[in-house]
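To start, the structure itself, in structure tokens.
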Amino acid sequence: MQIKLYFAIIIIASALVFPQTGQFFDAPFGGGIGYVPAWYVPNVSPINNQLNDIGMPELSASGFYSSGIAGFIYIGFVKNLRIGGMGFGGSLSTSQNMSGINREVIYTLGGGGATVEYTLPFIKNFGVSIGAAIGVGSLQLDMYRNSGEFTWEGTWIEFRNGNISSDNFNRKLKNKYWMFTPTINLDYPIYRFVTLRLGVGYQITFADDWNADNSQPLTSVPSDLSGNTLFVQSGIFIGFFSY
């Protein structure tokens, strides 16, 4: 609530005091929140190697669409420096039905954290910022095989006795990690209260661990299967912006 009130005061004051054109600050000023779609390109080769052995279609190696939100505010007492936060999530999948048996693999990537960026002072009228995000994230694989026929009683029988005689199988593999993400973003204000973003970054993961199902340790995971990934992002923000 305090942040919303702060933004409201800034916007009202600027509308009353300043016209809509011209440069009024010797450093970028303001802040906002917005929708940040992105395209992530992780390495899915270790998964596709297994899918090829099964005879299933591969996951797309060209990447996937991710939805996200982000926000930032210039802190004022340090010129050109802004702090904020971000979060994102997206997935891709492959499936196959053969002889009445459904098979599906879903790859999901997501995370969030705090951001710190510095806007280059020698560029005017729009912002070019370099910085990084640090936070936590996860990579998850969901694997399913079933005939599509389920009953309440049969589910509990499988739970009690196992599903050795059943076509039903599912497994969740999850990689949880810390992430450090260097970024460079270009923010172009199309109006004092609206700005567009285009940027690129690379997510670096560390202190990670793999688990299966209900957080049971998972071993022998290929070393090149991780949340490390290049991404390209865009975005639209609302708030108050002066470059």
Original post:
Helix 2-17: angle to the longest alpha-carbon principal axis of the chain, degrees 0 to 90, nearest 10?
Top reply: 40
Original post:
Taking Cα pairs under 8 Å and at least six residues apart, what relative contact order does the chain come out at, in percent?
Top reply: 23
Subject >> Estimated 222 nm signal from helices in the chain, with DSSP H stretches of n ≥ 4 weighted -39500 (n - 2.57), rounded to 500 >> reply: -4500 deg cm²/dmol
Original post:
What whole number of Å gives the distance from the Cα centroid of the stretch 101-126 to the Cα centroid of the stretch 23-85?
Top reply: 1
Subject >> Reach of LYS124 by Cα under 12 Å, taken over aspartates and glutamates that are not fewer than 8 positions away in the same chain >> reply: ASP26, ASP187
**OP:** List the relative contact order of the stretch 20-160 as a percent without decimals, with contacts defined as Cα pairs under 8 Å and 6+ residues apart.
**Re:** 19
**OP:** Name the aspartates and glutamates eligible as straight-distance cross-link partners of LYS176: C-alpha to C-alpha under 18 Å, and not fewer than 8 places from it in the same chain.
**Re:** ASP142, ASP208, ASP209, ASP213, ASP224
Original post:
Over the Cα atoms of the stretch 27-242, what Rg and Dmax result, in angstrom?
Top reply: 21.5, 69
Original post:
If you add up the charges near GLU58, with Lys and Arg at +1 and Asp and Glu at -1, over every other residue whose beta carbon is less than 14 angstrom from its beta carbon, what do you get?
Top reply: -1
Original post:
Helix 45-54 sits at what angle to the longest principal axis of the chain, using alpha carbons and giving 0 to 90 degrees rounded to 10?
Top reply: 30
Original post:
Over the stretch 60-128, what per residue volume does the convex hull of the Cα atoms give, in whole Å³?
Top reply: 112
Original post:
About its Cα centre, how strong a charge dipole does the chain have in debye, to the nearest 20, once Lys and Arg get +1 and Asp and Glu get -1 at the Cβ?
Top reply: 900
Original post:
Which net charge results when you count Lys and Arg as +1 and Asp and Glu as -1 among the other residues whose beta-carbon is under 11 Å from that of TYR177?
Top reply: 0
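Where a number appears in this text, it was derived from the coordinates with a stated rule and is not lab data. Here the structure is a predicted model, which means the values were calculated and not measured. Positions of Cβ are generated from backbone atoms using ideal geometry, with glycine treated the same way; all protein chains shown enter the neighbour counts.
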